[in-house]
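Each remark here refers to the structure printed beneath this line.
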Amino acid sequence: MTEQQPEEDRILELLQVLNKGISPKFERCAGITPTRFRVLQELFQVEEISQIALQKQIEIDAAAVTRHLRGLEESGMISRRNNPADNRVTLVSLTEHGREHIASYRQENKIFISTLLTGFNSREQTVLIDMLERLQHNIDLL
């Protein structure tokens, strides 16, 4: 006879499984990691931004943003340069090559999300958003 798992434990377990599974499946579908997609999305909105401001915007640590930017720079998607007014500041911008690819990444993102939410009506999606935002708020309090 198996012991019944408390609902709170099951919720945490499911969130961990979702967290672990979503990134590789997104990358397989879109051809880019979710974090790199977020970086490109942010850069698409601005002409140029400091690496520190970008890091804060996407809420990842300095080493991670540097690693992602290095990979994107090597693939020709972004460019980095020192700020002429302050050599300690690195400025980041989307290249023309990056701008050309952002549309296809957005389309793949749309397909991924649509597939992920198959079977959820708009009301359920609204409730899910509310619950996830409340969970994020609670995490922020920890």
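In summary, I78 fulfils each of the numbered conditions (1) farther than 29 Å from G21 by Cβ; (2) in contact with a Leu (Cβ under 7 Å, 6 or more places away or on another chain) with the single exception of condition (1). Here K56 meets the list (1) modelled with pLDDT under 95; (2) farther than 21 Å from L117 by Cα almost entirely, failing just condition (1). Evaluate the range 104-114: report whether one residue or more is in contact (Cβ under 8 Å) with a residue 60 or more places away in the chain, surrounded by 12 or more Cβ atoms within 10 Å (Cβ to Cβ), touching a Lys or Arg at 6+ places or on another chain (Cβ under 8 Å) and on the phi < 0 side of the Ramachandran plot. Yes, that holds for at least one residue. Which of the residues that make up the range 85-138 are among the polar types (S, T, N, Q) and touching a strand residue (DSSP E or B) at 6+ places or on another chain (Cβ under 7 Å)? Hits for the range 85-138 are T90, S93, T95.
Name the residues in the range 76-89 that are closer than 23 Å to E108 by Cα and exposed (fewer than 14 other Cβ atoms within 10 Å of the Cβ), would you?
G76
Is there a residue in the range 7-29 that is modelled with pLDDT of 95 or more, of a type in the set (S, T, Y) and either outside any helix (DSSP H, G or I) or surrounded by 10 or more Cβ atoms within 10 Å (Cβ to Cβ) (or both)? Checked against the condition, which is being modelled with pLDDT of 95 or more, of a type in the set (S, T, Y) and either outside any helix (DSSP H, G or I) or surrounded by 10 or more Cβ atoms within 10 Å (Cβ to Cβ) (or both), the range 7-29 yields no hits at all. When F44, F120, F37 are checked against the criterion of being at pLDDT 95 or above, aromatic (F, W, Y), in contact with a helix residue (DSSP H, G or I) (Cβ under 9 Å, 6 or more places away or on another chain) and loosely packed, with under 14 Cβ neighbours inside 10 Å, F120 stands alone in meeting it.
The values are calculated or read from the model by the stated rules, or taken from the named source; none is laboratory data. What you are looking at is a predicted structure, and each value in this text was computed from that prediction instead of being measured. Backbone-built Cβ (ideal geometry, glycine too); neighbour counts: all protein chains shown.
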